[in-house]
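Report on one structure; see the data block that follows.
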Amino acid sequence: MTRVLEVSDVHKYFGGVRAVQGVSLTVREGQVVGLIGPNGSGKSTLLNLIAGVEKPTKGAITLDGQRIDRWPAHRIVGQGIAKTHQIPKPFLAMTCRENVAVAVMFGNHKQRQSAKAFDEAGRVLALVGLERKADMMSSNLTVQERKRLEFARVLGTGARILLLDEIFAGLSPEELRAAIALFTKLQRETGFGAVVVEHVMRAVLTLSERVVVIEEGMKIAEGTANEVVEDPAVIEAYLGVEAARATP
Amino acid sequence: MADAALFVTDLALGLLLGCVFAVIAHGLNLIWGVAKVVNVAHGEFIMLGAYGAYFFNVWFGFNPLLSVPIDAAIGLGVGVIFYFFFLFRELRGKESMGPQSEMVTLVATFGLALVLINLAQALWTGNNVGIPWSPGVVQIGSVQLPLGGLYVAITSVAIIGLSHVFLSKTYLGNAIRAYSQDIPATQLVGINPTSTAAIGTALGFCITMAGGALLTVWLPTGIYPAMGNLYAPISFVIVVLGGPGKMWGSLVGGLTLGVIIDVGQLFVGGSIALATAIGFLILIPVLLFRPEGILR
């Protein structure tokens, strides 16, 4: 059964700050949804709400019809929804293999036999091209390698819906091309669904089947990549009112 | 020639004693690493472990080695209770311990230490007791070693080795290691932080109390309510010597301190108190030149 994640009319207030105000979106297994918006528009907060790191003030998040918005974060991972950190947080005193292995032991897989978990971790590391660093301490990785490890860890949990917070940021054009190709390949092979928060427009527009645009915590547009980039409300949000008027 | 033999004997005794020191320090190191709490009442839990072994001897005639698994099991339970009473409310939902929580737990465990010492004094009087157990000696070359000390040293190394295997080879152990490094990241790989922290803390107490039982072999009349005042600092020194958070650090630190104390006696006229002071003095150059501990 393909899993369906539904976010309906979710709000999150931090004191007087209304970070998310009534956003709804749906992601199915196998489907990539882009989530874009200007800085501070509430994208990361929305991902945190789905991942259970923050609890919504109002609204519901369901997985296959079951409310998950009050669940602790680790339980949500156990049900196949896993998130990357915007700033990678590897377990620094562990090797790359151990980093991914704990995800295999505890995520959706719950592979409690460590030997099998370590094997699976090796396989996942090979997928993201870190096989040669598998037994290196994760503290020795470069920033970009840490991002790949972060991604490997999410894959290691066996998640069916991935929440990816800016995994393509800071890449050179060639690296970006390679990363997009890798992501597409993995997504086709494993058939996971994903919500991709990204500033790198090219990545979002290439990868996403659907794109959701939020501004000041509200959804201002949703559609295919092409529809969204031509939406006047979106152009206004990104470039200001003047630019929106100037666009024919 | 006689001096050389004495030196070798003390060196061997120091190594045997160091193994036991390593266990009590290992317990502290685990609690420190997992719960991020300096357990000021550490010495009192060693004391409880020692009294445990004493009473199992009085009631059932168990020797200290037989008491080790029983003390360890009690330690697990005590650790879980300790976690939920003293740490859970401070750690719940936090990414790390803030200065305020550190203060709270420091004061709380200090209070706990006083309560435990006084309770022990009220229940068991302040008199020294001990466990009469001497399985004999073994002659290796020119060196005579107490068999009790040898058995205890082997048990000690086994306990540290087993905990090492548990932490690196099992899923619970890996969760504990992950938790000790980064609490928010553990949740995002699906680890329940609360149960992991409770299990990790329990493991620390389990090892600490088992260490208390092992220590009694070296204390023919040295079990008394305030004995923790000596063994808590010894544990702290060993953790710092070996390097906090390092799995083999406790063993290296313990052996070092054991040798310093036993061999040191030879140079200060046989005074254990002075030799222990030397052991603590060693801490200063270590902190100055290798603050990360002896191990790399």
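Every read-out reported here was derived from the displayed coordinates using simple, explicitly stated rules and does not represent laboratory data. Worth saying up front: this structure is predicted, and the values here are computed from it rather than measured. Backbone-built Cβ (ideal geometry, glycine too); neighbour counts: all protein chains shown.
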| field | All lysines inside 18 Å of A:Lys133 as judged from Cα atoms, apart from same-chain residues fewer than 8 positions distant | value | A:Lys89, A:Lys147
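Shape of region B:81-160 from its Cα gyration tensor (a ≥ b ≥ c, root eigenvalues): rounded if a/c is under 1.5, otherwise prolate when a/b > b/c, or oblate?
Cα axes put region B:81-160 in the oblate bin.
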| query | Near B:Thr208, within a Cβ-to-Cβ distance under 14 Å, what is the net charge of the other residues, with Lys and Arg +1 and Asp and Glu -1? | reply | -2
| query | Expressed as a whole number of Å, what is the distance separating the alpha-carbon centroids of region B:212-284 and region A:1-23? | reply | 56
| said: Only Cα pairs within less than 10 Å get springs; with that Gaussian network setup on chain A, which residue of A:Gly122, A:Gly223, A:Gly158 has the largest fluctuation? | reply: A:Gly223
| query | How would you classify chain B from its alpha-carbon gyration tensor, with a ≥ b ≥ c the square roots of the eigenvalues: rounded for a/c under 1.5, else prolate if a/b is greater than b/c, otherwise oblate? | reply | prolate
| query | So which DSSP H runs in chain B come out at 24 Å plus along the axis (Cα) with average Kyte-Doolittle of at least 1.6? | reply | B:2-35, B:64-82
| Distant-in-sequence amide H partners of B:Ser134 (H built 1.01 Å from N, under 5 Å) | none
| Whole-Hz Karplus ³J(HN,Hα) for region A:218-227, in order, using 6.51 cos²θ - 1.76 cosθ + 1.60 and θ = phi - 60°, x for Gly and Pro? | 10, 6, 10, 7, 8, x, 6, 3, 5, 4
| task | For n ≥ 4 DSSP H runs only, could you compute -39500 (n - 2.57) per run for the protein assembly as shown, divide by its residues and tell me the 222 nm figure to the nearest 500? | result | -18500 deg cm²/dmol
| field | Under 12 Å, Cβ to Cβ, from A:Ala237 - net charge with Lys/Arg +1 and Asp/Glu -1 | value | -3
| request: Over chain B, calculate the relative contact order: mean separation of alpha carbon pairs under 8 Å at least 6 apart, over the residue count, as a percent. | output: 39
| request: Lys and Arg at +1, Asp and Glu at -1: add these up for the other residues within a Cβ distance under 14 Å of A:Ala225 and post the number. | output: -4
| message | Which of B:Ser142, B:Ser156, B:Ser67 ends up with the largest GNM mean-square fluctuation for chain B, with Cα atoms connected below 10 Å? | response | B:Ser142
| task | Starting from the Cα of B:Gln100, step 7 Å along the direction of its Cβ; do the same at A:Asp119; then give the gap between the two resulting points in nm. | result | 5.0
| Computed over region B:207-296: relative contact order in percent, which uses C-alpha pairs under 8 Å that are six or more apart | 29
| Relative contact order (percent, whole number), region A:1-93, Cα cutoff 8 Å, 6+ residue spacing | 29
| remark: Heads up, region A:103-196 by the C-alpha gyration tensor (a ≥ b ≥ c square roots of eigenvalues; a/c under 1.5 rounded, else a/b over b/c prolate, else oblate) looks oblate
